[in-house]
Amino acid sequence: MNEFDVSISDSQATAVAPLTPGAFDYAAYANYAAAKRDSIQRFLTAESGVLVYRRMRAGECFSGQCRNMEYSLAMQLGALQKSMAYEADIPNFLEPWYGIGTAAAAFGIDYVWEEGQAPAIRPAFATVAEALACNARPIEDTACGRHTLDMISFFMEKTGGELPISLCDMQSPLNVICNMVDSTAIYLAMMDDPDAVRALLDKVAGLILGFAAEQTALLGETLASPGHGFPSSCLFSSTGLSDDNIVMLSNEMYFDLAAPSFNRISSERCGAAFHSCGDWADKIDTVKQLDGLFMVDGAFSQATDPNPNDPEPFGKAFADTGIILNARIVGSANEVVDVVNKIWQPGLKLIVTTYCQTPEEQQRAYEMVRETCE
């Protein structure tokens, strides 16, 4: 598979069978996770190394079925059960995913539910000033926020708190405001009224931090970090922030306007993990300057993203930084290792996220990655 397949709704999903909480093998998962702890801890303290993560993503949970918490849990439990047959170093986790409009809900913006699609939000404000003047509520006081907290409580109750669970998909402040405000108005305001843009981003950052704290209080020791889209573990730190709109700004403008709100979240949440879809290679130097970076994430094959990253500059850029590079690679074992050969550098802390379709193919990928990087 060497090109992006537009005929499928989720190129990173795997078909799984739903499993009720009572049918899940908690003892097997506990033993499986315990066997991975030492290698994860060695990786965290080492200056260089590699881990392999076989993401088992139940696609229905990240589309129109996300508001059905019983269905979401059953599908994710099926994914966790299936994942244990695939050779990897990091266990999968549960996620209370409920769209990407969580912070926008604080400004009174409701989801739009199209049949069979993930929930969407449409810009509600014509200008940045209008959004800034809005009397936003705490996210936990919105219907969206309450649903997410109820989902976490439901997952905790049904699994007895025995499985790792992440925060919901919080998104970065920049991504949030680009969903809330007409995009043309945002970019004009960045030139004409940058102080208002910074103020709105900081306002959103405060709302995100408040809701992250509410979720963390519920999750306790079951919290898997960084969360959505990232390899996540109770042994990891930081909060994952999708910051895709970085590609729309110059490096100077991003660092001046958007980075302060990102850094605020990072400083208050024990670090941050950065994600952008598409090719963000020309933003590497700017991203490396963000505060407290624990991990960065990118797509590195055509089957993962229609505009994937060139592997070579990423390996060179993040070697000897201590920042973990997560490389998502949809493809066969040979395709995975071809990318890894281009990424790998001495001094790099690399997680290779694979989507091999069979345990046998995953075993080959695992062994070949290890051989390349060790």
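The values are calculated or read from the model by the stated rules, or taken from the named source; none is laboratory data. All values derive from a computational prediction rather than experimental measurement. In this analysis, Cβ positions are derived from the backbone assuming ideal geometry, glycine residues included, and neighbour counts consider all displayed protein chains.
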* Structure fact -> Asp169 passes all but one of the listed conditions (1) in contact (Cβ under 8 Å) with a residue 40 or more places away in the chain; (2) more than 20 Å from the chain's Cα centre (by Cα); the exception is number (2)
* Structure fact -> Reported set for segment 146-169 where residues are more than 24 Å from Ala272 (Cβ to Cβ) and either at pLDDT below 95 or touching a Gly at 6+ places or on another chain (Cβ under 8 Å) (or both) is Gly161
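Restricting attention to segment 288-315, report how many residues are of a type in the set (Gly, Ala, Ser) and closer than 13 Å to Phe262 by Cα.
Keep residues of segment 288-315 that are of a type in the set (Gly, Ala, Ser), which gives 292, 298-299, 301, 303, 315.
Next, from what is left, pick out any that are closer than 13 Å to Phe262 by Cα: 292.
Final tally of qualifying residues: 1.
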* Just one of the numbered conditions (1) surrounded by fewer than 23 Cβ atoms within 10 Å (Cβ to Cβ); (2) not in a loop (DSSP other than H, G, I, E, B) is not true of Asp279; which one? -> (2)
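From the list Ser183, Ser172, which residue is over 23 Å from Ala74 (Cα atoms), modelled with pLDDT under 95 and of a type in the set (Ser, Thr, Tyr)? Steps first, please.
Numbers: Ser172 fails: modelled with pLDDT under 95.
From the options Ser183, Ser172, the qualifying one is Ser183.
For segment 6-48, how many residues meet the condition of being among the small types (Gly, Ala, Ser), crowded, with 18+ Cβ neighbours inside 10 Å and over 12 Å from Leu80 (Cβ atoms)?
From segment 6-48, those among the small types (Gly, Ala, Ser) are 7, 9, 11, 13, 15, 17, 22-23, 27-28, 30, 33-35, 39, 46, 48; that's our starting set.
Going one step further and asking which of them are crowded, with 18+ Cβ neighbours inside 10 Å, we end up with 11, 13, 33.
Okay, now just the ones that are also over 12 Å from Leu80 (Cβ atoms), so 11, 13.
Adding up the residues that qualify gives 2.
Please verify whether Glu47 is touching a Gly at 6+ places or on another chain (Cβ under 9 Å), outside any helix (DSSP H, G or I) and either among the charged types (D, E, K, R) or modelled with pLDDT under 95 (or both), treating the condition exactly as stated. Spell out how you get there, then give the answer.
Working: touching a Gly at 6+ places or on another chain (Cβ under 9 Å): yes; outside any helix (DSSP H, G or I): yes; either among the charged types (D, E, K, R) or modelled with pLDDT under 95 (or both): yes.
When the stated conditions are applied, Glu47 passes them.
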